[in-house]
Each structure stands twice: as C-alpha cells, then as structure tokens.
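K.L.:
I'd like to ask some things about the structure below.
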Amino acid sequence: MPAIDTKPTAAPMATVYLQFEDQVAQLDRQIEDLRKQDQSLQGPNAAEIRRLQKEQTKLLQELYSNLSAWQTVQVSRHPQRPLLNDYLSLLFKDIRHLHGDRNFGDDKAIVTALGQIGREKVMIIGHNKGKDIKEKIACNFGCANPEGYRKALAKMKLAEKFGLPIITLIDTPGAYPGIGAEERGQSQAIAVNLMEMSRLRVPIICVVIGEGGSGGALGIGVGDRLAMLQYSYYSVISPEGCAAILWHDGSQAPRAAEALKLTAKDLQNLKLIDTVIAEPLGGAHRNVHDTIYNVEQFLLKSLAELKRIKIDALMEKRYQKIRSFGSGCVEISRLKPKTTDISIPKKLSAKAEIEQAEETPVETPVES
Amino acid sequence: MAKNKKVGWNGFSLKPRKEMPAGLWMACSACQQMLYRKTVEENLSVCPECGYHFRVDAPTRVRQLVDEGSFEEIAADLASSDPLNFTWEDKAYKDRIQFDPEKSDSHEALLTGKAFIKGRGVVLAAMDFNFLGGSMGMVVGEKFCRGVDLAIEQKLPFLVVCCSGGARMHEGLVSLAQMAKTSAALARLDEMGGLYISLLTDPTTGGVAASFAMLGDIIIAEPQALVGFAGPRVIQETIKIELPEGFQRSEFLLDHGFIDMIVKRRDLRSEIARLIDYCGK
C-alpha cells in the first residue's frame, strides 16, 4: 500500500516542545547532558538526574492540569501526536483496508478498514493526516474531499449490511475547501452522511483523537457515543477563523479558542460529548501506548454496552440523543414595545396576558 | 444616495453585499440601474431591468410565497440560552440576539409555520439573513425540527427557504450539532414518506448547505444564488487562485448535478404547488 502504512511508529524521536513547554525542554536538556557524562544509575550524577526528573514531572503536571483552550489546541495539533495509523497498528488486529467510493475516486484523507478489537469485528472509519510530508500531501493534511465522505458512507452501509459496529476516529482540521470539492458537492456529501448515520442500524462510536474541525469532523461523527481525548478539541470553526471574523485578526486565536469552549472538558459540561478519555501526563505524544490503551478500554466498554441494547431501542436512543442537542432554548415573550411609539399599548404574549389578567382583580359587577 | 452602513452581522461579509439599500430610489447591485424602490418591491424584490434577485427577509419571503393571511407561526417564542456565554471585545452575544423591532421584524434566523400555497397545505420554514447572517444556532435547529414534527404529524409537505451563512459560531459546537439534529429529523420525515422541498436562495453556505439544504427530495434554487460548502473567500485564501466566473452559483450547481431546477421568484408559487401535486399526499 503506498500511502497508508500500518507499521508501528519508528524508534522514539526527540520530543518536539510546544511554546509553553520551554522550561520542560530546559530540564530535559539538563538531564540529557548529565546522562551523556555518566550512563550508569549509580554514578555521581544519578541523584541529580532523579531530582531533575522529579522536577520535570511536577512541572508537566502543573502545566497540563491548567492548559488553556489555545494550549489544548496546540497539543491536539502536536506533530508527534498519535495519528490514525498508530491506532490501526496498535489498537486493532487483522486490518483489511477498503478503498474507493465506487463513484469518483479514493480519498486518502479518510481511511476505511475492517478490523478486530478484542473479540469484536468492526468497521473503522477515520481521518488520516499523514506522518511525513509526502503522505501529508497525499492525504491533504487530513482535509477530506466529497469522495472521502462518500467512501465512508459506502463502507458504513457495508457494515450495516453485515451487522458490524462502526468506530470512527476523528482527526481533521476541516473538510477541504477547494474548487474540485465544491464541484463534486462537498456540502451534499456531508449532509447525506449526517442523515444516514442517524439511522444506520448498527452501533456507532465516535472518538475525536486530535482535531475536530467543524463539518469535516461531523461528517463521520454522528453516533451513539461520542468521546474525546483529553487534549483534543472539537469546534464549529477553527480558532483562527473565528478570530479573523470577530477580531479581524487571526493572531487573536487564543482568545477565540477560549470563547468557543472547544475543549473536551467544556464540551462535556455542555453535555455534547459523553466521555473524556484521559491522556498520559504531558499529552498523548509523550506516551502513545498508554493513550491507545485508554482508547481501547473505552471502546471495549462502549461496544459491550451498545451490543446489549436491542437495535430498535438503540435507534430511538440515538435519535433522542441527537434531538436533545441544543434543546435548552428559552421561551421569551417577544413583543417588546417599539421604543419610538409609546402611545401604542404594549402587546403581550398570550402567556403574559394571562398572567396579567390573573394579577388584576376581577371586578365583580355590583348588583344595585 | 443613502447607503446602508454595515448591514447584518458584525464582520460577516460575503462580497458583494446585496441587500436592498434604503431610500426612495435605489441602484440595482447587479446592473447599476436606478430603480424606484416601490417598483422593485412590487416586483417581488427582483430588479425589473436585469432580473437580479435581491435578498428578502423571512416575513417578506413568507408573504411572497403563501396565500394571503394563511400563515400560522409555530414556536415563535424560542430564544437562545447563550450556552457558551459568548463575549468578544466588549460585545456580548446575548445583546446581539435581543429582539430589536427597529432593525428587523425577526427575532431569530428562522420563521416556521403552517400555511397554504395556492391552496396546498405546507409546513414552511424560512431563514432570515438579516438576523446574524441567517446563521443556524440552537433556536434555528429546534424550530426546524418542530416544523418537521408538525409535517410528520399532519402529513404535510415540508418546505424550507434557505438563506444562511452557516452555523452560528457564537454557540460553538451546539450550533454544529444542529446540523446533525436537523438531518436526523429529516431522516424521520423521509421514512414517513413525507415530501421535503428545499429552496436555496442567496446565500446558502457552510453548515446549512452541509445539512438540511442539500437533503431535499426536490432542491430548487433561485437564479444566481451563492450555494456552496466553503465561502468563496475561504476557498480563494486556501488555494490562492482566482475563482472562475459563476463559481458556486445556482447555474454552476445545476451543471454539476446538485439541484433539480432553477426557478425565478415570480414562478416559485406555481412551481411549488405543481411539485406538491406530483409528490405530495
């Protein structure tokens, strides 16, 4: 297979540090220097190394327990963050890749594969961002074209036919905005996916493993369970895009990120996602195996839960869940009097009218 | 000539701006002809010279489409709970969505109700671009779904007039979820065998295009309407080349097979009535 390689990640590379991790980087460098001088654990530097390591752990704990929304976005985009391929090779067994939407082409930005998790056979749908630059270009940095969404739907229908649960792993900056994508109906492709996923008669579990970029993420993100990794984000618009609109300045992205409430914790508070999957200390990229173990535990538990529910009940539950999104609208009496024309008596809503009528004592006609 | 200063949503611009400018006289934004406002309004807000379709707000749209006096609004009193408590600079989203009778007749971006079109009963939902760019938030989603529920319950066709910039970012992921919500409701309507007609008007983009707008059993568009997933500005910034003339317009979509027909505004009533006769129950 040319673009999609399922080999496990190569030997650990030097960690790439994010802006806010300067101090951590400094400590790591010190530890590294001391190690170079003396390899043994009993050497003269051992105590110092242990002290520095403790300090580094403490620092990471501090940093990562109070990540700002923007820092979370940065972690979710970390160049070493585990991508779909890592999950395919470490989490699932016996992967069989399926290609093509039977219509136009094979979009590398969305990968569809049959695989096994535990003893369960599943259909896996996920965004592929690509590890190296060649692969990144081949799969458009994870921005899918319409054929990608149509491929996903075709494979999900296949899964439905044979009763395989569907697992989607979301990691995309957004659906691709290009001329070809528009010509081939990007909006139609996503719209059809939303409608069909809401009524596919198999359990669907969605996990945001990195970036959840708007419609591009939602296009494979409708299901019975929606979980997010702790330091992933899911938003209606990229923080940069939001900043460009509201502040007319893309560099205000940190403030936009804060305002958009796009972190897993915030979204759980808003009851838009079901579960936050914990990441190891310092983010998923610092310990890929632990991350994937946590995701696996979540998937196995959810699969077991969902398989116990009868399919008709599951469909109803899914529908009610989707319908409940944003159902907290408030009722207001809309008829505010026009400010310029005070002489016109206030118009009241029916509800307010009744209340007012109840307040004013009813004058009983006095019999003369 | 008096020109409207910054109509609509703060910072939102889908160039060129094409609302009808205020004043007794106005210039057509397409052919630059000076027009008497009343003539244009009587002509359903279509330029009598070049046939350019101006944007109309939801109440006007409803007046133009349905039989006189037949519209009964539902779910009129819903308002957003501002789930994110969204503020930017010194502005708050909460203040933006306050109903302001001075500015417009609408107090949300969707007007839903039951009506008759040439004697055929329909459930109608019309979007309003004047309200925060017609963007879809929790109220739009909820009103849409209640409209679908009513259509299912009373076995009526469901007609939507789309006119929106997309999902409302002030409500964050809640508005994105409305895409799933409206689509799921339409799946129900579909299963019940209900007819769903989607009418695309200028502009229909973003989250609205990528959900209910494109799910119509029959999709109609007004001439020259901008319809697409990403706005032209975003595409241009991404791929850095000049976009071809007529890109993402109704005619472009018709050519590429994504809409059924383009109908001029003055023919909409009769065309929709005819379609209901064919497909409705």
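The values are calculated or read from the model by the stated rules, or taken from the named source; none is laboratory data. What you see is a predicted model, and the numbers here were worked out from it, not measured in a lab. Positions of Cβ are generated from backbone atoms using ideal geometry, with glycine treated the same way; all protein chains shown enter the neighbour counts. Side chains included, ligands, DNA and RNA excluded: accessible areas come from the protein's heavy atoms. Shrake-Rupley method; radii C 1.70, N 1.55, O 1.52, S 1.80 Å.
K.L.:
Pick from A:GLY223, A:GLY215, A:GLY250, A:GLY180: which is under 26 Å from A:ASP274 (Cα atoms) and more than 8 Å from every other protein chain (Cβ to nearest Cβ)?
P.N.:
Values: A:GLY215 fails: more than 8 Å from every other protein chain (Cβ to nearest Cβ); A:GLY250 fails: under 26 Å from A:ASP274 (Cα atoms); A:GLY180 fails: under 26 Å from A:ASP274 (Cα atoms).
It is A:GLY223.
K.L.:
Would you mind telling me which numbered condition in (1) within 14 Å of chain B (Cβ to nearest Cβ); (2) among the small types (Gly, Ala, Ser); (3) loosely packed, with under 15 Cβ neighbours inside 10 Å A:ALA256 fails?
P.N.:
So A:ALA256 meets the others, but not (3).
K.L.:
State all residues of region A:143-177 that are of a type in the set (Ser, Thr, Tyr) and either facing chain B (nearest Cβ under 8 Å) or open to solvent by 10 Å² or more (accessible area, probe 1.4 Å) (or both); if no residue qualifies, say none.
P.N.:
Just the residues of region A:143-177 that are of a type in the set (Ser, Thr, Tyr), to begin with: A:149, A:168, A:172, A:176.
Matches in region A:143-177: A:TYR176 only.
K.L.:
Just give me the residues in region A:264-303 being outside any helix (DSSP H, G or I), within 14 Å of chain B (Cβ to nearest Cβ) and open to solvent by less than 20 Å² (accessible area, probe 1.4 Å), in sequence order.
P.N.:
Of everything in region A:264-303, those that are outside any helix (DSSP H, G or I), within 14 Å of chain B (Cβ to nearest Cβ) and open to solvent by less than 20 Å² (accessible area, probe 1.4 Å) turn out to be A:LEU272, A:ILE273.
K.L.:
Let me ask something else about it. When the residues of region B:51-74 are narrowed to those that are within 14 Å of chain A (Cβ to nearest Cβ) and out of contact with any Asp or Glu (no Cβ under 7 Å at 6 or more places or on another chain), which ends up most open to solvent (accessible area, probe 1.4 Å)?
P.N.:
So, considering only residues that are within 14 Å of chain A (Cβ to nearest Cβ) and out of contact with any Asp or Glu (no Cβ under 7 Å at 6 or more places or on another chain), the one most open to solvent (accessible area, probe 1.4 Å) is B:GLU72.
K.L.:
A:LYS134: within 24 Å of A:ARG81 (Cβ to Cβ), surrounded by fewer than 19 Cβ atoms within 10 Å (Cβ to Cβ) and not hydroxyl-bearing (Ser, Thr, Tyr), yes or no?
P.N.:
Working: within 24 Å of A:ARG81 (Cβ to Cβ): yes; surrounded by fewer than 19 Cβ atoms within 10 Å (Cβ to Cβ): yes; not hydroxyl-bearing (Ser, Thr, Tyr): yes.
Considered against the rule, which asks whether it is within 24 Å of A:ARG81 (Cβ to Cβ), surrounded by fewer than 19 Cβ atoms within 10 Å (Cβ to Cβ) and not hydroxyl-bearing (Ser, Thr, Tyr), A:LYS134 comes out as yes.
K.L.:
Any idea which of B:GLY172, B:GLY194 is under 25 Å from A:SER327 (Cα atoms), at pLDDT below 95 and in a helix (DSSP H, G or I)? Walk me through it before giving the result.
P.N.:
Numbers: B:GLY194 fails: in a helix (DSSP H, G or I).
When all the criteria are applied, what remains is B:GLY172.
K.L.:
Of the residues that make up region B:29-50, is at least one open to solvent by 30 Å² or more (accessible area, probe 1.4 Å), assigned to a loop (DSSP other than H, G, I, E, B), in contact with a helix residue (DSSP H, G or I) (Cβ under 7 Å, 6 or more places away or on another chain) and at pLDDT below 85?
P.N.:
Kept after step one, since they are open to solvent by 30 Å² or more (accessible area, probe 1.4 Å), are these residues of region B:29-50: B:29-34, B:36-39, B:41-44, B:48-50.
Those left that are additionally assigned to a loop (DSSP other than H, G, I, E, B): B:29-33, B:43-44, B:48-50.
The next check asks that each one be in contact with a helix residue (DSSP H, G or I) (Cβ under 7 Å, 6 or more places away or on another chain); those that pass are B:44, B:48.
Among the residues that remain, those that are also at pLDDT below 85 are: none.
No, that holds for no residue.
K.L.:
Out of everything in region A:183-192 that is open to solvent by less than 10 Å² (accessible area, probe 1.4 Å) and part of a helix (DSSP H, G or I), what residue ends up being farthest from the other protein chains (Cβ to nearest Cβ)? Spell out the reasoning first.
P.N.:
Start the filter on region A:183-192 by keeping residues that are open to solvent by less than 10 Å² (accessible area, probe 1.4 Å), which leaves A:185-187, A:189-191.
Okay, now just the ones that are also part of a helix (DSSP H, G or I), so A:186-187, A:189-191.
Working: A:GLN186: 4, A:SER187: 4, A:ALA189: 8, A:ILE190: 4, A:ALA191: 4 Å.
The extreme case among them is A:ALA189.
K.L.:
For A:LEU335, state whether it is surrounded by 11 or more Cβ atoms within 10 Å (Cβ to Cβ) and modelled with pLDDT under 55.
P.N.:
Working: surrounded by 11 or more Cβ atoms within 10 Å (Cβ to Cβ): yes; modelled with pLDDT under 55: yes.
In short, yes.
K.L.:
Looking at B:ARG37, is it under 28 Å from B:VAL174 (Cβ atoms), away from every other protein chain (no Cβ under 14 Å) and not acidic (Asp, Glu)?
P.N.:
On the way: under 28 Å from B:VAL174 (Cβ atoms): no; away from every other protein chain (no Cβ under 14 Å): yes; not acidic (Asp, Glu): yes.
No.
K.L.:
Within region B:247-265, can you find the residues that are away from chain A (no Cβ under 12 Å) and loosely packed, with under 14 Cβ neighbours inside 10 Å?
P.N.:
Hits for region B:247-265 are B:MET261, B:LYS264.
K.L.:
OK, next. Of the conditions (1) touching a strand residue (DSSP E or B) at 6+ places or on another chain (Cβ under 7 Å); (2) without any contact (Cβ under 8 Å) to a residue 12 or more places away in the chain; (3) not aliphatic (A, V, I, L, M), B:PHE71 clears all except one; give me its number.
P.N.:
Going through (1) touching a strand residue (DSSP E or B) at 6+ places or on another chain (Cβ under 7 Å); (2) without any contact (Cβ under 8 Å) to a residue 12 or more places away in the chain; (3) not aliphatic (A, V, I, L, M) one by one, B:PHE71 breaks only (2).
K.L.:
Mind listing whichever residues of region A:54-81 are more than 20 Å from the chain's Cα centre (by Cα) and loosely packed, with under 14 Cβ neighbours inside 10 Å?
P.N.:
Passing the criteria: A:LYS54, A:LYS58, A:GLN61, A:GLU62.
K.L.:
Yes or no: B:ILE220 open to solvent by less than 10 Å² (accessible area, probe 1.4 Å), modelled with pLDDT of 95 or more and on the phi < 0 side of the Ramachandran plot? Spell out how you get there, then give the answer.
P.N.:
Details: open to solvent by less than 10 Å² (accessible area, probe 1.4 Å): yes; modelled with pLDDT of 95 or more: yes; on the phi < 0 side of the Ramachandran plot: yes.
Considered against the rule, which asks whether it is open to solvent by less than 10 Å² (accessible area, probe 1.4 Å), modelled with pLDDT of 95 or more and on the phi < 0 side of the Ramachandran plot, B:ILE220 comes out as yes.
K.L.:
Any chance region A:193-203 includes a residue that's within 9 Å of chain B (Cβ to nearest Cβ), touching a strand residue (DSSP E or B) at 6+ places or on another chain (Cβ under 9 Å), open to solvent by less than 10 Å² (accessible area, probe 1.4 Å) and outside any helix (DSSP H, G or I)?
P.N.:
Step one: filter region A:193-203 for residues within 9 Å of chain B (Cβ to nearest Cβ), giving A:193-199.
Checking the rest, the ones that are also touching a strand residue (DSSP E or B) at 6+ places or on another chain (Cβ under 9 Å) come to A:197.
The next check asks that each one be open to solvent by less than 10 Å² (accessible area, probe 1.4 Å); those that pass are A:197.
After this cut, where a residue has to be outside any helix (DSSP H, G or I) as well, the list is none.
No: region A:193-203 contains no residue that is within 9 Å of chain B (Cβ to nearest Cβ), touching a strand residue (DSSP E or B) at 6+ places or on another chain (Cβ under 9 Å), open to solvent by less than 10 Å² (accessible area, probe 1.4 Å) and outside any helix (DSSP H, G or I).
K.L.:
Here's a follow-up. Testing A:GLY142 on (1) in contact with a Gly (Cβ under 9 Å, 6 or more places away or on another chain); (2) on the phi < 0 side of the Ramachandran plot, one condition comes back false. Which one is that?
P.N.:
Exception for A:GLY142: condition (2).
K.L.:
A:VAL122 fails exactly one of the following numbered conditions: (1) surrounded by fewer than 22 Cβ atoms within 10 Å (Cβ to Cβ); (2) touching a residue at least 60 places away in the same chain (Cβ under 8 Å). What is the number of that condition?
P.N.:
For A:VAL122, the exception is condition (1).
K.L.:
Return only the number of the condition from (1) within 14 Å of chain A (Cβ to nearest Cβ); (2) open to solvent by 70 Å² or more (accessible area, probe 1.4 Å) that B:LEU243 does not satisfy.
P.N.:
So the condition that B:LEU243 fails would be (2).
K.L.:
If you don't mind, another one. Is it true that B:ILE235 is at the interface with chain A (Cβ under 9 Å from one of its Cβ atoms) and surrounded by fewer than 24 Cβ atoms within 10 Å (Cβ to Cβ)? Before the answer, list the steps.
P.N.:
Details: at the interface with chain A (Cβ under 9 Å from one of its Cβ atoms): yes; surrounded by fewer than 24 Cβ atoms within 10 Å (Cβ to Cβ): yes.
Judged against the criteria, B:ILE235 is a match.
K.L.:
List the number of the failed condition for A:CYS139; all other conditions in (1) out of contact with any strand residue (DSSP E or B) (no Cβ under 7 Å at 6 or more places or on another chain); (2) under 27 Å from A:VAL75 (Cβ atoms); (3) in contact (Cβ under 8 Å) with a residue 24 or more places away in the chain; (4) facing chain B (nearest Cβ under 8 Å) hold.
P.N.:
(4)
K.L.:
To continue, here is another question. Could you say which residue among B:GLU171, B:GLU191, B:GLU142 is open to solvent by less than 10 Å² (accessible area, probe 1.4 Å), at the interface with another protein chain (Cβ under 10 Å from one of its Cβ atoms), of a type in the set (Asp, Glu) and on the phi < 0 side of the Ramachandran plot?
P.N.:
Details: B:GLU191 fails: open to solvent by less than 10 Å² (accessible area, probe 1.4 Å); B:GLU142 fails: open to solvent by less than 10 Å² (accessible area, probe 1.4 Å).
One residue alone meets the criteria, B:GLU171.
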